[in-house]
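Just below is one structure, and these are the notes that go with it.
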Amino acid sequence: MELPAWILVIMLSVTLFIFLVVAIVLLVKLIGVTKEAKKIVIQGQGIAEKADDIAGNVRDMTTVGGLVRHLAESYLEADKKTKSKKDK
């Protein structure tokens with residue numbers, strides 16, 4: 001082969017080598033980022049479940065039916081305590 005052909009082959013080989021090294025480094029970084037994203041998603045799901053529980057508690061305490069149920073449960077608990085004290 002002639003000299004210009006060798007120069008082109010060397011340039012293309014070096015370019016391919018650099019591209020492969022950069023691609024491998026970026027792939028390793030991408031794997032790390034996906035692991036961190038997975039942790040964030042799991043934590044976000046936990047926060048969403050807690051927020052749903054809190055919203056349910058607030059809804060129960062602010063609706064009329066929830067207040068009546070809460071008062072009835074409190075009355076029944078107090079009634080059970082007085083009966084258990086009388087039995088002793």
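The values are calculated or read from the model by the stated rules, or taken from the named source; none is laboratory data. Remember, it's a predicted structure, so these values are computed and weren't measured experimentally. We place every Cβ from the backbone using ideal geometry, glycine too, and count neighbours over all the protein chains shown. Keep in mind that these areas ignore ligands, DNA and RNA; they rest on the heavy atoms of the full protein, side chains included. Shrake-Rupley method; radii C 1.70, N 1.55, O 1.52, S 1.80 Å.
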For the chain, the charge dipole (Cβ of Lys, Arg +1; Cβ of Asp, Glu -1; about the Cα centre) points to a positive end, and the Cα of GLY65, ALA5, ILE24 closest to that extreme belongs to GLY65
Per residue accessible area in Å² of the chain, where ligands, DNA and RNA are left out and the probe is 1.4 Å:
94
In nm, give the distance between the simple-model label positions of THR34 and ASP53, each being 7 Å from the Cα along the Cα-to-Cβ direction.
3.2
If every Lys and Arg gets +1 and every Asp and Glu gets -1 at its Cβ, then about the Cα centre the chain yields a dipole, in debye to the nearest 20, of 720
Structure-derived log10 I(q)/I(0) by the Debye sum over Cα atoms at q = 0.10, 0.13, 0.17, 0.25 Å⁻¹ - corresponding label in (i) -0.42, -0.61, -0.79, -1.12; (ii) -0.21, -0.36, -0.62, -1.27; (iii) -0.63, -0.77, -0.90, -1.10
(iii)
